[in-house]
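A.B. asks: Below you'll find the structure I mean.
The values are calculated or read from the model by the stated rules, or taken from the named source; none is laboratory data. Since this is a predicted model, take the numbers as computed values, not measurements. Every residue, glycine among them, receives a Cβ derived from its backbone with ideal geometry; neighbour counts consider all protein chains shown.
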């Protein structure tokens, strides 16, 4: 599950990565919730993280976009989702396939 804001570019990057890799997820756009202030505060209280995206896998808070991107690159994301029993089509990260990224 990802708690995000509808307009956040980092949230969009996280969702794009998961979609590209065939990892099922639910995105909760906290800014569009009826009582978004209290909803967001509840998420912060539970996770101790105010920033979005706020990523959870199998009831565990995994961090934000930079955490998920790095976990994908180093193979840790695959371990996280397999340990959670989540079906996926995750392909290994190959740097040469991502020339837009700076080294």
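A.B. asks: Which one of these is surrounded by fewer than 17 Cβ atoms within 10 Å (Cβ to Cβ), at pLDDT below 90 and in contact with a helix residue (DSSP H, G or I) (Cβ under 8 Å, 6 or more places away or on another chain): 21, 33?
C.D. replies: It is 33.
A.B. asks: To continue, here is another question. In segment 1-18, which residues are part of a loop (DSSP other than H, G, I, E, B), surrounded by 11 or more Cβ atoms within 10 Å (Cβ to Cβ), without any contact (Cβ under 8 Å) to a residue 40 or more places away in the chain and out of contact with any strand residue (DSSP E or B) (no Cβ under 6 Å at 6 or more places or on another chain)?
C.D. replies: none
A.B. asks: Next up: Residue 88 - would you say it is in a loop (DSSP other than H, G, I, E, B) and either modelled with pLDDT of 95 or more or on the phi < 0 side of the Ramachandran plot (or both)?
C.D. replies: yes
A.B. asks: Within 11 Å of the chain's Cα centre (by Cα), exposed (fewer than 11 other Cβ atoms within 10 Å of the Cβ) and in a helix (DSSP H, G or I) - does that describe any residue in segment 52-65?
C.D. replies: Initially, segment 52-65 is screened for residues within 11 Å of the chain's Cα centre (by Cα), giving 52-57, 61-65.
Keeping just the survivors that are exposed (fewer than 11 other Cβ atoms within 10 Å of the Cβ) gives none.
No; the residues of segment 52-65 include none that is within 11 Å of the chain's Cα centre (by Cα), exposed (fewer than 11 other Cβ atoms within 10 Å of the Cβ) and in a helix (DSSP H, G or I).
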